[in-house]
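Take a look at the structure below.
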Amino acid sequence: MDLESLKRSYIEKEQTPTQMLDGIYKKIEDDELNDFILLSKNYAYEQAYLSEKRYEKKDGILKLDGIPFSIKDNFAVKGLRMTCGSKMLSDFVSPYDSTVYKRLKEAGAVLIGKNNMDEFAMGSSNETSFFGIVKNPFDKSYVPGGSSGGSAAAVGADHSLFSIGSDTGGSIRQPASFCGVVGFKPTYGKISRYGLVAFSSSLDTVGIITKSVKDCKEVFDVLRGDDGHDSTIEDLKPQRRELKNIGFVEKLEHVDKNVFKIYIDYCSKLEKLGFKLKPIVLDFIEISMAAYKIQTMCEASSNLARFDGIKYGLQHFSGDDLEGMYARVRGEGFGKEVKRRIISGTYFLMHNDGEYYNLSFKLRDYIANRIDILFKDIDLLILPTSLSLPFKMGEKIEDPLMMHLSDSLTAFANLANVPAISINADYFNSLPVGIQFVGKRNDDDNLLDSLSTIQMELKKDE
Amino acid sequence: MSNFVVNIGVETHIQIKTKSKIFCDCSTEFTDKPNVNVCPICMGLPGTMPTLNFEVIPLALKTAIALNCIINRISGFARKNYFYPDLPKGYQITQHKFPLAHSGYIILKSGKKIRIRRLHIEEDTGKMIHDQDENSLLDFNRAGVPLMEIVTEPDFNSKEEVIEYLERLQRIVRYLDVSSANMESGEFRGEPNISIRKKEEGLLGVKTEIKNLNSFKAIEKGITFEIERQKMLLDGGQKIESVTMLYDEKKQTLKPMRKKESISDYRYFPEPDLPDIILSEDLIEKIKNTIPELPEKKVERFKREYNLNDEESEIICQYKDYADFFEKSILGIKNVKRLTNFYIREMPVILKEKRMGVKDLPFDSDKLNALFKMVDEEKINLNLAQNILKEISSTGEHPDIILKRAFESDLSEDDLKNLIIQVLDENKKEVERYKNGEEKLFGFLVGQCMKKTKNRFSPGKVNEILRNILTKK
Ligand SMILES: [Zn+2]
């Protein structure tokens, strides 16, 4: 069900927001996907009650009134636990609201609960969560992708109409692809990050997971714009235009051949819809992976320094001296992948007065420049979202290099600060395969409008 | 003992006078209650972000301009990463490669130029307190309070130079009204770094830093102790290690803190949550125009214009509002020199007694000006003026009223005549000389009469009657 028809069903009294909640909570329980770390039933029923009143009165109905949604557990909601999928914060209750949550609440949306995720958003399979692995709604032995795996699984399994996630190098788009849903990462600076626990501040973006691009656009319009708390916000509106020319790649390294086949088929469908497809060459993927890793690890090592066991989170006060206490808290509180990245980032920053970090910025500029040049000839760039099909649990987790490859088609969009969206293209052996569209910087509105049209046109053909 | 050359550089942290903290809306007001001026942002809770309080920029710029610095048109924030319980985020937001300003100077009285390497803005950390039971307690009221850090080159060769520099710096920031700069409340903290070398050696020695110096006296002592310590080490053939020394006010000693971390350990990198600070020529020009006459200039001008000596001018110019009060109160006064003592002695006594600044006095400069005019026009003598000042300072009344009341005496004009005759009898010699043409002695006789009458009659009246009697005689 999409946002519009759900709202209509409320207006026409086919069901109430409370009844909707009953159904969703039952389904969450029955499905056992482990896609939620916390269910905020009290909050939800209270909101649903208020929403119901508005629908009864037929007065003051809000934009997302009574729409159930979920949020990744690295966003702050006052009075609720915010764990970031980590033991470190397993008991942390946020005393303040993130801007994103605040805006959704003001728009009448109803929070179902907080989604499971890779620890501190570090991972691509949701296997690093302290709260256990999330299962793919299409096949429970498969991973949902990550790090916003709980969010994508929740939307894919109809546990929420939409979910808010974070995307630092593909953390929304890749799980969206694995769970057969829409995952949108806007241009950096469109949606306030206030209340999103930072992983890599210069790359983190708040994004949206939905069933349709149309819904995505609606939620995006509620979330976007300055809030006075995030100084990196710059919500420039593009000139409205039709996007006609699409760049695609004829060759791709390391890609699963079934994925690539679906990609090529999708491209020809677009051609039939009247789009002009132009072959392009992407030769900066490897560079982008190096820049991405250095930058995220450096920033993460600093962003995660605040978890020191002093004011909140995991604490061990007795017996130790100060250094011993830090070691014990951080040693116990963080998982393996998080520690791996903190240590690497610390090393990179220590080396030669931050030379690696500075270099990663130069590479970012280079990549952004190359993308800008590409977009002189095309309006959209199309790529597979992931090199691989959804994989089985435990299949790749012990191979960090393979895991890192999973970001390789998505991270460059974060590095170049451009918008990108993954939508489902097809299925292989009943496993969903997503296709990614990358747009020009600040061209988010045109990207969403075009994709919305494409999605509807292709549905007609089915 | 060998001959040593001492080189000292100074880092000064100055609290910038803003209502709210540098990256959140919390108040900067000093309070004894711990952890009341805090919020999720300055406590570094996960997910929070800093936003720059733009109030700090013009204030820091003003200082940079007054210190003759070059302003960086683009400057930026950086993270200084280290772990300490009073540091909420595990890093301090400061400026590193691109400070707000650099390459300034202050000139000492001797004419010696002290070069200022850089001026940057940053956030303060919290405070860790140890109680009697050896518990460590944390207070985050100060965390996020805006600071300027001003770093000099190692240009000082004595503690006297350091003190003079700090006093001048303190006076400048107070003149600019960018900081209250009180040392006791931590708004102005000087940290010297000291190295000594044998005279014949060209290169600077290994430097050590002294922290926890909360008064000028402590700074003087700290420097003295550290120079002695280093001399002893070098004389004994030992090497100086780069350490941070902690001054203990109670024990009057220095003890080494942790080994000074080398710079790469701070893992500086640009703060991704804050955009660069870009300054327009327009803004810089505007701020330049708000800079008042600086203390050094004022001291010189007062010496010139009002014929003050160096010490007098320094005392009067110590605080800007004091100097302004002085200047307004002597408007139209011909003989300023005679009245300066009011600002060296009487006024400081009154202010000290009342524990207030000039702006809180119950009278304004106009009233003082009226009083000074009476002296200038020889209506009253200095003695009476001092007494009237005392009265104004508690009642706030206009000097005219006080004077009038003083002369509403119970004595008649005949009583006055008698008193004057008495005075003339006591000063026969002077009366003789006056009559022989020494006109200026008339003033002396008036003075004597005023004394005798205990200021109960107006100088005009005394004048009139005295002249009458003298001509009759
Ligand atoms: Zn605060």
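Here the spin labels are modelled as points 7 Å beyond Cα on the Cα-Cβ line, and at A:Glu398 and B:Lys231 they lie 6.9 nm apart.
Give, as a single signed number, the net charge of other residues whose beta carbon lies under 14 Å from the beta carbon of A:Phe307, with Lys and Arg counted +1 and Asp and Glu -1.
Numbers: positive: A:Lys87, A:Arg306, A:Lys311, A:Arg328, A:Arg330, A:Lys339, A:Arg341, B:Lys89; negative: A:Asp91, A:Glu119, A:Asp308, A:Glu332.
Summing Lys and Arg as +1 and Asp and Glu as -1 gives +4.
What you get for the range A:1-99, charging only the Cβ of Lys and Arg (+1) and of Asp and Glu (-1), is a dipole of about 360 debye around the Cα centre.
The reciprocal of the average 1/r between distinct C-alpha atoms defines the Kirkwood hydrodynamic radius, which for the protein assembly as shown equals 33.0 Å. In the range B:4-287, taking the dipole from charged Cβ atoms about the Cα centre, the farthest positive-side position among B:Ser179, B:Ile8, B:Val56 is held by B:Ile8.
Charges at C-beta only: +1 for Lys and Arg, -1 for Asp and Glu. How large is the resulting dipole of the range B:127-247 about its Cα centre, in Debye rounded to 20?
On the way: 17 positive and 23 negative charges, 48 e Å.
Taking the Cα centre of the range B:127-247 as origin, the dipole is about 240 debye.
The lysines whose alpha-carbon is closer than 21 Å to the alpha-carbon of B:Lys379, local same-chain residues fewer than 8 away aside, are B:Lys328, B:Lys334, B:Lys337, B:Lys367, B:Lys390, B:Lys404, B:Lys417, B:Lys440, B:Lys451, B:Lys452, B:Lys454, B:Lys461. Potential lengthening of the chain between B:Lys113 and B:Arg338 amounts to 77.5 nm, from the contour at 0.36 nm per residue minus the alpha-carbon distance.
Each Lys and Arg Cβ is given +1 and each Asp and Glu Cβ -1; about its Cα centre, the protein assembly as shown then shows a dipole of about 2200 debye. Expressed per residue, the C-alpha convex hull volume of the range B:326-473 stands at 118 Å³.
P(r) for the range B:413-472, from all Cα pairs and a bin width of 5 Å, is 4, 20, 37, 26, 11, 3 %, short bins first. In this calculation the C-beta distance from A:Asn358 to B:Glu134 is compared with R0 = 35 Å, giving a FRET efficiency of 0.20. Think of the protein assembly as shown as having a plus end and a minus end, set by charges on the Cβ of Lys, Arg, Asp and Glu; of B:Thr18, B:Ser242, B:Ile287, B:Ile287 sits farthest toward the positive end of this dipole.
Note on the range A:140-285: Cα-only Rg and Dmax are 16.8, 47 Å.
Computed from Cα positions, the angle between helix B:320-329 and the longest principal axis of chain B comes to roughly 20 degrees. Other residues whose C-beta falls under 13 angstrom from the C-beta of B:Gly236 contribute a net charge of +1, scoring Lys and Arg +1 and Asp and Glu -1. Each part reduced to its alpha carbon centroid, the range A:52-87 and the range B:193-226 end up 60 Å apart. Calculated FRET efficiency, B:Lys33 and A:Ile373, Cβ-Cβ r, R0 45 Å, to nearest 0.05? In this case the efficiency is close to 0.15. Rounded to the nearest 500, the 222 nm mean residue ellipticity of chain A from helices alone is -12500 deg cm²/dmol, with -39,500 (n - 2.57) taken per DSSP H run of at least 4 residues. Separation of the range B:139-181 from the range A:409-462 is 56 Å, based on Cα centroids. Rounded to the nearest 10 degrees, the inclination of helix B:459-472 to the longest alpha-carbon principal axis of chain B is 30 degrees. Over chain B, DSSP H runs of length four or greater, each weighted -39,500 (n - 2.57), average out per residue to a 222 nm ellipticity of -12000 deg cm²/dmol. Pairs A:Lys244/A:Lys440; A:Lys27/A:Lys78; A:Lys140/A:Lys460; A:Lys190/A:Lys339: which exceed 23 Å Cα-Cα? Distance filter (> 23 Å) returns A:Lys27/A:Lys78; A:Lys140/A:Lys460; A:Lys190/A:Lys339. Computed over the alpha carbons of chain B, Rg followed by Dmax gives 29.9, 97 Å.
Just need the Rg to Rh number for chain A, please, alpha carbons only, Kirkwood Rh.
Numbers: Rg = 21.2 Å, Rh = 22.1 Å.
In chain A, Rg relative to Rh is 0.96.
Within the shell defined by Cβ-Cβ distances under 12 Å, the residues around B:Leu389 carry a net charge of 0, with Lys and Arg each +1 and Asp and Glu each -1. Taking 18 Å as the straight-line reach from the Cα of B:Lys211, the lysines in range (excluding those fewer than 8 positions away in the same chain) are B:Lys127, B:Lys159, B:Lys221, B:Lys250, B:Lys251, B:Lys255, B:Lys259, B:Lys260. Spacing of the modelled spin labels on A:Lys276 and B:Glu167, each 7 Å from Cα toward Cβ, amounts to 7.9 nm.
Potential lengthening of the chain between B:Lys297 and B:Glu200 amounts to 31.1 nm, from the contour at 0.36 nm per residue minus the alpha-carbon distance.
Laboratory data are not the source of any read-out in this text; all were calculated from the coordinates shown. Source: prediction; values computed, not measured. Every residue, glycine among them, receives a Cβ derived from its backbone with ideal geometry; neighbour counts consider all protein chains shown.
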